[in-house]
Amino acid sequence: MEDKQKGRNMWSRIIQACWMMGWAILAAHAGEVPKPPVILEYINPEKFTDVSSTYHGPPNQSYLDQFSKHVMKKAAAYLADGEQLNIAVKDIDMAGGFEPWNTPSHDVRMIRHIYPPRIELNYQLKDAEGKVLDEGEVQLGDLNYQLRAVMNSSDAMRYEKSLMDDWLMQMFVDRAAGKND
């Protein structure tokens, strides 16, 4: 009986020690909330030129969510370990436009050369220690957007995603080229 009691006490102390170690580890890391490598925010999306699915409609949150997910995934692929890219989108003007005078429905987006996609943003790239490596304000646009081969023709934001992909690639190609100079 005493052996059983000693065994229980031993296991009780082991479990207690494990709990204490676990709490110590949690406490040591409590102040360290891992930061995502890419942060994308929209500044006053209700004032964006055009990111809606209807004529004079409000911003389409689904479009913004899809765009965020796409950009965050693409941008993260370019970053080195510990780097962080913050993007603040100030305006989006989707490719195409609504022409209620030209269609029976007001909610048909007409893709024409006179309605190119445009995006205005600020960005800041930081290294693992938080030092700013690059920052700036960028106005993206593509007058030749209709001449591009875009993979998913059913994606409402295909041209805007392509615009961001090009900017990210150019930004990081330029950065890599600058390191080699």
Among Lys74/Lys126; Lys47/Lys126; Lys35/Lys126; Lys35/Lys161; Lys73/Lys126, which pairs are too far apart, with a Cα-Cα distance over 22 Å? Lys47/Lys126; Lys35/Lys161
Potential extension, Asn122-Glu46 segment - 0.36 nm per residue separation minus Cα distance: 25.6 nm
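We did not get these values from a lab; they are worked out from the coordinates using the rules stated. All values reported here derive from a predicted model rather than from experimental measurement.
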